[in-house]
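Structure first, then comments.
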There are 2 protein chains.
Amino acid sequence: MSDHERDKPETGEPFLADYLQFLLATASGLASHSFHVQAAAAGVSVAEWRVLACLSDCDGQSVTELARLAQMEQSRLTRVIERMDNRGHVTRKRCRDDRRKVHVWLTGQGAGIARDLVARARAHETEFIESCLSPAEGRRLKALLVKLIERAGKGKVHAIRR
Amino acid sequence: MSDHERDKPETGEPFLADYLQFLLATASGLASHSFHVQAAAAGVSVAEWRVLACLSDCDGQSVTELARLAQMEQSRLTRVIERMDNRGHVTRKRCRDDRRKVHVWLTGQGAGIARDLVARARAHETEFIESCLSPAEGRRLKALLVKLIERAGKGKVHAIRR
DNA sequence: CTTAAAAAAATGCATATTCATATTTTTCTT
DNA sequence: AAGAAAAATATGAATATGCATTTTTTTAAG
């Protein structure tokens, strides 16, 4: 432990180990990290993967919808999409009905990459869950998360099925 | 819905709504967002908040330990810490026993800010859980996350109690 | 005991991100 | 119907981040 007193009695109870937000962030990072490495090896950044995954589930979303679903700040998403557009992975079209909006679609190439990554993500998920939870626990965890998201995010999960 | 065919039959099953990694990231974002706004109002960025929280639980960690616990890339953490050092929120000292390492401590001022934010975070957590889950569900969710982290992260949660 | 390999932290530089704001279009008010 | 307010994107400029590399120190190998 060395010379530093790493354990001087901090005021009060231990915090992080029982703090939901920390547990969620940590679990999220652990669960995703090795897949993100795979995606990077395929030339796709985390932000781009999120866009691909969202569009693969529901193509043609607007920038704002996509930003919400992919948890990205709007101007950041605009630029992520721009790069993906330049590489030919997505296309944008201004909406006819509401010309403020811009909808985003996967191109053929983008859809191919997305299909491939989604398949790998599914496999990775299975493997990951097996590595740390029983199947029943995995299901319970997902169910709790869905409920949390439904209630806290006002139907964010269902939004993707529209 | 407009003129865009938002629902062209994408190949295969819906993906995100049942993808653990997406559910975790989304839940994490929803759970933390409004607290992060509070922290920002107090002049503390998300990265800084994580450092404060980690040190408040276990002061004097090394840069690498802290990076792991706070889920930050090492060189990023080095610079976050540097800024916090300049503002007088933390201090760094090279380790006597292993002079490669640099340990980080809260200053008096930093500790004050941390105490305040930790208290607010606890309150926010309580309020958040109440808003979307029953107390029992909250406990079960935490327990599942702890298990996941223990198994997938090789004791990451316990690491903070050392 | 000497040299090679590994570990920890810092840094340069290219790129990405954020924040505030501008622009365009739509919706609301009266 | 006119004008104000709101909504959706985009963009400029300051800042932050990631990646590869460097430096220093420690550990391992022969």
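When +1 charges are put on Lys and Arg Cβ atoms and -1 charges on Asp and Glu Cβ atoms, the dipole computed for the protein assembly as shown relative to its Cα centre reaches about 460 debye. Our analysis of chain A gives Rg over Rh at 1.06, with the two radii drawn from alpha carbon positions and Rh computed by the Kirkwood formula. Shown for B:S131: label points 7 Å from Cα along the beta-carbon vector, and their distances to the equivalent points in the other copies, 3.3 nm in ascending order. Percent of alpha carbon pairs in the protein assembly as shown separated by more than 29 Å? Tail of the P(r) past 29 Å holds 43 percent of the pairs. Each copy carries A:V37; placing its label point 7 Å along the C-beta direction from Cα gives inter-copy distances of 3.7 nm, listed from smallest up. Farthest towards the positive end of the charge dipole of the stretch B:67-121, among the residues B:A121, B:A70, B:C95, is the Cα of B:C95, using unit charges on the Cβ of Lys, Arg, Asp and Glu. Pick out, from A:N86, A:V37, B:V104, the residue whose Cα sits farthest towards the positive end of the charge dipole of the protein assembly as shown, with +1 on the Cβ of Lys and Arg and -1 on the Cβ of Asp and Glu. Sorting the options by dipole projection puts first A:N86. Taking each of A:K147/B:K154; A:K101/A:K147; A:K142/B:K142; A:K154/B:K147 in turn, the alpha-carbon distance tops 22 angstrom for A:K147/B:K154; A:K101/A:K147; A:K154/B:K147. Computed from Cα atoms, the angle from the helix A:20-41 axis to the main principal axis of chain A rounds to 50 degrees. Simple point charges give the picture: +1 on the Cβ of Lys and Arg, -1 on the Cβ of Asp and Glu, and for the stretch B:44-132 a dipole about the Cα centre of about 560 debye. Among A:D85, A:D116, A:D98, the largest mean-square fluctuation in a Gaussian network model of chain A, built with springs joining Cα atoms closer than 10 Å, belongs to A:D98.
Length available on full extension from A:R83 to A:D97: 0.36 nm per residue minus the Cα-Cα distance, which gives 2.5 nm.
Can you tell me how the stretch A:40-133 classifies by the Cα gyration tensor, rounded, prolate or oblate, using a/c under 1.5 as the rounded cut? Prolate shape, in that a/c is at least 1.5 and a/b is the bigger ratio. Basic side chains Lys and Arg get +1 at the Cβ, acidic Asp and Glu get -1 at the Cβ, and with that the dipole of chain A about its Cα centre reaches some 1220 debye.
For the segment A:52-61, counting C-beta atoms of other chains within 10 Å of every residue's C-beta and taking the mean gives 5. For the rotational copies B and A, the chain B residue with its Cβ nearest the relating axis, together with that separation in Å, is B:S28, 2.
Over what distance in Å are the Cα centres of the stretch A:20-66 and the stretch B:98-126 separated? Cα centroid of the stretch A:20-66 versus Cα centroid of the stretch B:98-126: 29 Å apart. Highest mobility in the GNM of chain B, judged by mean-square fluctuation with C-alpha springs under 10 Å and restricted to B:A123, B:A70, B:A47, is found for B:A123. Distances, shortest first, from the label point of A:E73 to those at the same position in the other copies read 1.7 nm; the point lies 7 Å along Cα to C-beta.
Read-outs: derived from the displayed coordinates by stated rules, not from any lab. All figures in this text were calculated on a predicted structure; none of them were measured in a lab. Here Cβ is always computed from backbone atoms with ideal geometry, including for glycine, and neighbour counts include all displayed protein chains.
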